1. If I go through the stretch 678-704 residue by residue, how many of them are within 20 Å of Tyr257 (Cα to Cα) and part of a strand (DSSP E or B)?
2. Any residue in the stretch 618-638 that's among the acidic types (Asp, Glu): show its pairings with residues that are at pLDDT 95 or above at Cβ separation under 6 Å, as long as the two are six or more apart or on different chains.
3. For the stretch 48-151, please list each of the strands (runs of 3 or more DSSP E) lying entirely inside it that holds at least 2 residues being among the aliphatic types (A, V, I, L, M).
4. Going by the conditions given, is Asp182 of a type outside the set (A, V, I, L, M) and more than 19 Å from the chain's Cα centre (by Cα)?
5. Looking at the stretch 688-718 only, could you name the residues that are under 30 Å from the mean Cα position of the chain (by Cα), more than 26 Å from Ala317 (Cβ to Cβ) and not hydrophobic (A, V, I, L, M, F, W, C)?
6. Determine which single condition Pro71 fails, assuming it passes every other condition in (1) farther than 30 Å from Gly177 by Cβ; (2) surrounded by fewer than 18 Cβ atoms within 10 Å (Cβ to Cβ).
7. Could you check how many residues of the stretch 716-731 are of a type in the set (Val, Ile, Thr) and in contact with a Lys or Arg (Cβ under 7 Å, 6 or more places away or on another chain)?
8. Return the residue satisfying two criteria in turn: it lies in the stretch 337-352 and is of a type outside the set (A, V, I, L, M, F, W, C) and closer than 11 Å to Ser293 by Cβ, and of such residues it is surrounded by the fewest Cβ atoms within 10 Å (Cβ to Cβ).
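The values are calculated or read from the model by the stated rules, or taken from the named source; none is laboratory data. If you're wondering where the values come from, they're calculated on a predicted model, not measured in any experiment. Because the Cβ atoms are built from the backbone with ideal geometry, glycine has one as well, and the counts that use them run over all protein chains shown.
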Amino acid sequence: MPTDVSLAAGELRLLRGGLEVRVRLAPFAFSVRRDGRRVVREGGVRVWEGVVHDQLIPLTEGVIAHEDREPPEVAASATPVELLADGAELGLRLEGGRQARLRVTVPTAGIVALELSAHDDPLRLALDWHGEAGEAFAGLGARHHPSVDHAGREIQLGADRRYTGPDCPPDLLAGGGIPQGDCAPAPWLASSHGWSAWVDGAGNGIRVELGERTTLSARASAGPLRVVLYTASSPTARLRRWLAHVGRPAVLPEWGYGFWKSRDVHEHRDDVEDDVHGCAREGIPLDAIVLDSPWETQYNTWEPNPHQLPDFDGMVAAFRMQGVRTVVWITPWVNLDSSEGQIPPDPGSQALHSRPAPTYAEGERDGHFLCDVGGEPFVARWWMGTGSPVDLASPPAEAWWCGQARALLARGVEGIKADDGEGYYLPEHVRFADGRTGANAAWAHGTAYRRAMQRALDDVHPGRGVLFGRSGWTGQQALGHLWGGDQSSDPWALQVLIAAGISAASTGFSNWSHDVGGYLGHRLVERCPAELLVRWAQYGCFTPLMHAHARMRQEPWTYDYRTLDLYRSYVLLHERLVPYIRAAAATAARSGLPIVRPLSLLQPDDAGAWSVGDAFGFGPALWVAPVVEEGACEREVVLPRGRWIETWSGREVAGGREVVAPAPLERIPVWVRAGSVVVTLPEGHVASGLGDTPEHERPLEATLWGEPACGRAAARLADGSRVRWVRGRWSVEPDREVATRVVD
């Protein structure tokens, strides 16, 4: 059905299906209705003059955002310039006389596209409209904030994260907290009032202001402000349409949903073997060992350091024989100076890191780095030294970079931890090979970086390699895992991390992970307290990938026996859940519905659901309520509508209300939706990890939790297997070994 475009009585009208856009020419305003219901009203345009004073704090990778702005210039009237097949081009006159242009189109059913530009190079361009009473907002990537409802907040993407936990000094707390790396933003905002918006840009400085008016803005140096409004009936339907355009999450191989072990620094091969052998000795299933920084001859050469990791190939092969894959850390920088980075203590490693990376000269000669104003390589300080970022918009540079990656992967490495790539490191003047600049492509750099790493993995290990990335932006939902960045080891940080995972899920990030126990430590000088490590492991059990990483010695076998036993039990439970997790991942790949499911996606008509940031759905059948309060023995939980089974008692309870759940240290409150089939792996099968058994040959356990309402229930696995229960009889297609039970 084409868009009906009409202009009469000073009003432009666009009609397509049940979607209607009205633009009043004087005084200027626009509105959007879907099936007769108004979703946007009193829309307008604003433009600001001003100066940017954003400051990056390299130590914490935090951005202090600040602009000196003049009062806004508001669009006063519009004049039609051209009627289009699906909309119109309008000339705008702003108060004060500035001219601007607004293109309004309805390119397809349910979607409104707006593109704004202005004359005379202003600082900032904005589209805004009237907020609604009780309106709630979700999304915007992994928001590290105690609230998952962004109503009332002003957020600059990439500059929104602050530590305000118990260890924040009072003077810094008074100033808003310690700026930290806001590493995984994404310009997708979902409203409870029937719309979601994508700001289609990749420059620094994109902002949302969610007060009396909803304001979406970007710096004019990035080019026109492009906002796409999605108006489908539910936030899940809108998310599905957007992900169909920018990329749905991938289904990763089984080991990508298992348990991974890492340390901040493995000073020598002995430390790596201690992790692998320690897990085996203590009965902790292990699927991958991560070699974090440093492991190379320099930052970032893709070449193992022979002093630190002698016989690298033999080590990787030995681990692989035990069913343990190797993952290596990398960033898209090649260093000139690594004196401020992490360097193994032995003399040979110290000598290697005392000079520029041996690949730097080649990259500089062949033009493989991002360019500064004069055409020379852009050189900047980052958190492991000083160097230049690889220009992954350049096909020759990408081929050079991926060629190094493929050579390393061919030696048996099967995963890449793609750290860094965030846009806040790239100033506006930095130039890419394709003509774009940091002004309009700073955050696209991370997406190109992820895509390059995924291509290298697919070339060497098709369908078997796993990408584990830190940065976020549009389209990165489709590329491997996202992890939650660096957290302190305190209950506040865990609470905010859980909220960040829920916000990330509302933005379509399905493959989500984090550092169990927190990376930075307690007060930055002590390891994670034992009780908190257990609570964090419980949360990690119910995230798609369970990953342990820290600056401190947080190996569970270095704690007391009870802590070790509980840690082991939750790693084992996570391993058993892998078929269930991958089935949910397959759903995400088909529909966009993430593995972690915020209540705002499950029951969006419930106003209170948009503020639930401490509990979440995990796949189709589980509701999980992590415990973060120190010394807690119980916790209050909002339980979704429907019938639920308590996993610890087998008792059925009614949802749609708040309940109080017992939560002794050994237990994380989890419920199963009544009538669900949950498929897991037998404990004995994964006691040492997932290993190499083909997925379709694994023995399974299927549990029916409660009586299905219609006398039937089923589960479909990622490999296509179907397990059914119909009126007391089980069936499996295709035929395979499945042990069954019923919790009644």
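1. First, the residues of the stretch 678-704 that are within 20 Å of Tyr257 (Cα to Cα): 678-702.
Cutting the leftovers down to part of a strand (DSSP E or B) gives us 678-680, 700-702.
Final tally of qualifying residues: 6.
2. Short answer, once both residue conditions are applied: Glu630/Pro491; Glu634/Val660; Glu634/Pro662; Glu634/Ala663; Glu636/Glu658; Glu636/Val660.
3. On the way: elements: 50-52, 55-57, 62-64, 67-69, 73-83, 87-94, 99-108, 111-118, 124-130, 137-141.
In the stretch 48-151, the matching strands (runs of 3 or more DSSP E) lie at 50-52, 55-57, 62-64, 73-83, 87-94, 99-108, 111-118, 124-130, 137-141.
4. Working: of a type outside the set (A, V, I, L, M): yes; more than 19 Å from the chain's Cα centre (by Cα): no.
When the stated conditions are applied, Asp182 does not pass them.
5. His696, Arg716
6. Condition not satisfied by Pro71: (1).
7. The first filter runs over the stretch 716-731 and keeps only residues of a type in the set (Val, Ile, Thr), leaving 723, 726.
Now restrict to residues that are in contact with a Lys or Arg (Cβ under 7 Å, 6 or more places away or on another chain): 726.
Number satisfying all stated conditions: 1.
8. Only one residue fits best here, namely Gln342.
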